[in-house]
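Novice: Okay, here's the structure, questions in a sec.
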Amino acid sequence: MIAAPLLIRNARLVDPLASEPRDASLLAIDGRIAAINPAETPADAITVDAQGMLLAPGIVDFGVFAAEPRACRFGGITRVALMPDGAHPLDQPGLIERAAKAGKPDLWIHPLAAATRALEGQTLAETGLMQAAGARGVATGRTRVADAGVMARVLAYAGGLGLVTVTHAEDEGLTRGAVATTSEMAFRLGLPSAPAMAEAMAVARDIALVEVTGAPLHFRQLTTAAAFDLVRAAKRRGLPVTCGITPAHLLLNDVALGEWRTFARLSPPLRGEDDRQAALAALADGTIDVLCSAHDPRGPEDKRLPFADAAPGMAGAETLLALGLGLVHDGTISLARLFALLAANPARLLGVEAGTLAVGAEADLILVDPDTPWQIDTRRMSARAGNTPFDGLPVQGRVRSIWKGGRRID
């Protein structure tokens with residue numbers, strides 16, 4: 001269904017490709033951005049007065065474990081990259097095709113194909129067939145591929161098809177059975193823990209494999225100073241390595257585990273304050289490429305358990321934008337940088353023509369009031385579970401309207 005022409009006027013355009021927001025109007029025709037400050041407007045165009053609010057590209061949430069349209073709509077998310085984990089891992093073309101069609105037309109789901117059959121880390125899955133069915137990348141799932149030889153073949157195969165490989169970064173030999181980062185807090189709570197260095201060890205191995213294969217690799221979440229140093233060095237050498245992070249690992253440290261708060265049971269686990277500060281520095285200097293929600297709603301059956309038995313994960317789709325805007329409000333990053341992290345960079349990794357306000361890009365748009373105050377409340381979230389470590393936090397910034405391919409989503 002082709003949307004009617006759309007004119008949004010009196011807006012502050014936030015384009016990740018520009019340095020500063022600018023006052024302008026935007027015209028979308030046939031689902032794509034046709035002009036900025038158009039000289040002429042079709043007579044049948046739907047006109048929207050933005051009243052000076054921010055007009056930005058729809059968010060591309062890279063690496064969710066559940067694609068929930070209502071939660072995404074609240075958070076300004078128009079596309080998600082879906083991880084292959086689930087009751088039935090996305091390791092077959094039919095499963096990929098079904099996942100890719102599930103959210104349309106309001107939410108486009110870009111499945112990441114399982115790197116290995118059943119995500120067991122042993123035998124490569126049929127990546128080429130899954131790409132033909134709609135896969136936009138390859139992923140190892142919640143864990144990495146432990147066998148270096150298998151991982152090298154995953155990278156080479158995916159890279160040869162023009163797909164990015166997405167991996168988890170923790171050395172399972174150190175983290176097996178751990179639920180926290182080794183620290184005073186973990187000791188006080190009596191939690192099984194693993195050293196933060198387990199992350200850098202996994203990163204170092206996989207960067208070495210990138211050097212061998214030349215294939216692109218994305219670390220879905222990095223959280224430690226040592227890992228960021230390795231990525232910086234790899235980028236200086238021109239290697240196709242990128243990484244992401246969640247707001248939780250930027251805004252919280254392991255003190256949030258106090259009183260065995262299972263909503264703060266995440267994977268990777270929350271780190272110490274030194275690593276959190278290193279993450280903020282990596283965000284500011286461009287080392288981090290993607291800000292993602294890691295949306296993983298978990299109900300009481302998974303969270304109302306002893307900390308060591310609770311499932312890791314958080315519901316993050318609805319809070320991603322507001323928490324990101326908090327990083328703008330406090331001066332850590334600019335608005336343009338925020339939407340590069342939320343939209344342009346994830347779209348580029350997926351190979352989709354979205355994530356910017358460039359003429360010709362798909363008209364996935366969000367209208368945002370950056371100053372509207374609200375409070376995160378687990379009881380009122382649209383996700384099927386409200387397991388957020390930010391429950392009760394006052395935030396600013398709310399999506400007022402959202403368009404997918406130029407068509408308004410109610």
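The values are calculated or read from the model by the stated rules, or taken from the named source; none is laboratory data. It should be emphasised that the depicted structure is a prediction, and the values quoted were computed from it without experimental measurement. Here Cβ is always computed from backbone atoms with ideal geometry, including for glycine, and neighbour counts include all displayed protein chains.
Novice: Out of curiosity, is F228 closer than 28 Å to C72 by Cβ and of a type in the set (F, W, Y)?
Specialist: Numbers: closer than 28 Å to C72 by Cβ: no; of a type in the set (F, W, Y): yes.
Against the criterion (closer than 28 Å to C72 by Cβ and of a type in the set (F, W, Y)), F228 does not qualify.
Novice: Can you spot a residue in segment 251-265 that is among the acidic types (D, E), assigned to a helix (DSSP H, G or I) and touching a residue at least 12 places away in the same chain (Cβ under 8 Å)?
Specialist: Kept after step one, since they are among the acidic types (D, E), are these residues of segment 251-265: 254, 259.
So of that shortlist, the ones also assigned to a helix (DSSP H, G or I) come out as 254, 259.
Narrowing the set further to residues that are touching a residue at least 12 places away in the same chain (Cβ under 8 Å) leaves 254.
Taking every residue of segment 251-265 in turn, at least one turns out to be among the acidic types (D, E), assigned to a helix (DSSP H, G or I) and touching a residue at least 12 places away in the same chain (Cβ under 8 Å).
Novice: Something else about it: Hey, can you tell me all the residues within segment 202-214 that are surrounded by fewer than 21 Cβ atoms within 10 Å (Cβ to Cβ) and among the charged types (D, E, K, R)?
Specialist: Across segment 202-214, the qualifying residues are R205, E211.
Novice: Right, here's the next one. Step by step: first the residues of segment 322-343, then only those that are touching a strand residue (DSSP E or B) at 6+ places or on another chain (Cβ under 7 Å) and within 27 Å of G134 (Cα to Cα), then the one that is surrounded by the fewest Cβ atoms within 10 Å (Cβ to Cβ). Which residue is that?
Specialist: The first filter runs over segment 322-343 and keeps only residues touching a strand residue (DSSP E or B) at 6+ places or on another chain (Cβ under 7 Å), leaving 322-326, 329, 339, 341-343.
Pick out the ones that are also within 27 Å of G134 (Cα to Cα) and you get 339, 341-343.
Details: F339: 32, L341: 25, L342: 30, A343: 32.
In this case the residue turns out to be L341.
Novice: Shifting gears a bit: Looking at this structure, is R70 among the basic types (K, R), within 17 Å of D364 (Cβ to Cβ) and touching a residue at least 40 places away in the same chain (Cβ under 8 Å)? Show your work before the answer.
Specialist: Values: among the basic types (K, R): yes; within 17 Å of D364 (Cβ to Cβ): no; touching a residue at least 40 places away in the same chain (Cβ under 8 Å): yes.
In short, no.
Novice: Using beta carbons and a limit of 7 Å, which pairs, at least six apart or on different chains, have the first residue in segment 266-280 and closer than 14 Å to T246 by Cα and modelled with pLDDT of 95 or more and the second one among the basic types (K, R) and assigned to a loop (DSSP other than H, G, I, E, B)?
Specialist: S267/R142
Novice: Continuing with the same structure: Is it the case that D106 is touching a residue at least 12 places away in the same chain (Cβ under 8 Å), among the acidic types (D, E) and in contact with a Gly (Cβ under 6 Å, 6 or more places away or on another chain)? Can you show your working first?
Specialist: On the way: touching a residue at least 12 places away in the same chain (Cβ under 8 Å): yes; among the acidic types (D, E): yes; in contact with a Gly (Cβ under 6 Å, 6 or more places away or on another chain): no.
Answer is no for this residue.
Novice: So which residues in segment 138-192 are under 19 Å from A227 (Cβ atoms), outside any loop (DSSP other than H, G, I, E, B) and without any contact (Cβ under 8 Å) to a residue 60 or more places away in the chain, if there are any at all?
Specialist: M151, T165, T167, E172, G173, L174, T175
Novice: OK, next. I need the full set of residues from segment 215-246 which are of a type in the set (G, A, S) and either farther than 12 Å from E199 by Cα or buried (at least 23 other Cβ atoms within 10 Å of the Cβ) (or both), in order please.
Specialist: A215, A227, A233, A234, G238, G244 - these are the residues of segment 215-246 that are of a type in the set (G, A, S) and either farther than 12 Å from E199 by Cα or buried (at least 23 other Cβ atoms within 10 Å of the Cβ) (or both).
Novice: Do we find a residue being small (G, A, S) and surrounded by fewer than 18 Cβ atoms within 10 Å (Cβ to Cβ) anywhere in segment 363-378?
Specialist: Kept after step one, since they are small (G, A, S), are these residues of segment 363-378: 363.
Adding the requirement that they be surrounded by fewer than 18 Cβ atoms within 10 Å (Cβ to Cβ) leaves none.
No - not one qualifying residue is present in segment 363-378.
Novice: Between R265, R271, which is charged (D, E, K, R), surrounded by 21 or more Cβ atoms within 10 Å (Cβ to Cβ), under 21 Å from T167 (Cα atoms) and in contact with a Phe, Trp or Tyr (Cβ under 8 Å, 6 or more places away or on another chain)? Walk me through it before giving the result.
Specialist: Numbers: R271 fails: in contact with a Phe, Trp or Tyr (Cβ under 8 Å, 6 or more places away or on another chain).
Criteria check complete, one pass: R265.
Novice: Kindly indicate the residue of segment 297-312 that is of a type outside the set (K, R) and within 19 Å of D377 (Cβ to Cβ) and also surrounded by the most Cβ atoms within 10 Å (Cβ to Cβ) among those meeting that condition. Talk me through it step by step, then tell me what you get.
Specialist: Just the residues of segment 297-312 that are of a type outside the set (K, R), to begin with: 297, 299-302, 305-312.
With the extra rule that they be within 19 Å of D377 (Cβ to Cβ), the set shrinks to 297, 299-300.
Numbers: P297: 24, G299: 12, P300: 9.
Among those that are of a type outside the set (K, R) and within 19 Å of D377 (Cβ to Cβ), it is P297.
Novice: Six or more apart or on different chains, Cβ under 6 Å: which pairs go from a residue in segment 195-209 that's farther than 21 Å from G149 by Cβ and free of Cβ contacts under 8 Å to residues at least 24 places away in the same chain to one that's surrounded by fewer than 23 Cβ atoms within 10 Å (Cβ to Cβ) and of a type in the set (S, T, Y)? Could you list them?
Specialist: So the pair list comes out as P195/T182.
Novice: In addition: Just one of the numbered conditions (1) modelled with pLDDT of 95 or more; (2) closer than 30 Å to L266 by Cα is not true of H88; which one?
Specialist: Status for H88: all satisfied but (1).
Novice: Applying the selection to segment 247-262, what residues are surrounded by 15 or more Cβ atoms within 10 Å (Cβ to Cβ) and of a type in the set (G, A, S)?
Specialist: A248, A256
Novice: Still on this structure, please answer the following. Name the residues in segment 18-44 that are touching a residue at least 60 places away in the same chain (Cβ under 8 Å) and over 15 Å from L365 (Cβ atoms), would you? Lay out the reasoning, then the answer.
Specialist: First pass over segment 18-44, keeping only residues touching a residue at least 60 places away in the same chain (Cβ under 8 Å): 18-21, 26, 28-36.
Passing the criteria: A18, S19, E20.
Novice: If you don't mind, there's one more thing I want to ask. Have a look at E199, E172 and point out the one that is within 14 Å of S267 (Cβ to Cβ), among the charged types (D, E, K, R) and crowded, with 21+ Cβ neighbours inside 10 Å.
Specialist: Numbers: E172 fails: crowded, with 21+ Cβ neighbours inside 10 Å.
After ruling out the rest, the residue left standing is E199.
Novice: I'm trying to understand the selection: among the residues of segment 99-144, which are modelled with pLDDT under 95 and among the hydrophobic types (A, V, I, L, M, F, W, C)?
Specialist: A102
Novice: Name the single residue, out of those in segment 126-141 being buried (at least 24 other Cβ atoms within 10 Å of the Cβ) and out of contact with any His (no Cβ under 9 Å at 6 or more places or on another chain), that is farthest from P346 (Cα to Cα).
Specialist: M130
Novice: Give me the residue from segment 378-410 that is charged (D, E, K, R) and within 18 Å of A294 (Cα to Cα) and, out of that set, modelled with the lowest pLDDT. If you could, list the steps in order and put the result at the bottom.
Specialist: The first filter runs over segment 378-410 and keeps only residues charged (D, E, K, R), leaving 379-380, 384, 391, 398, 400, 404, 407-408, 410.
Narrowing the set further to residues that are within 18 Å of A294 (Cα to Cα) leaves 384, 391.
On the way: R384: 90, D391: 95.
Only one residue fits best here, namely R384.
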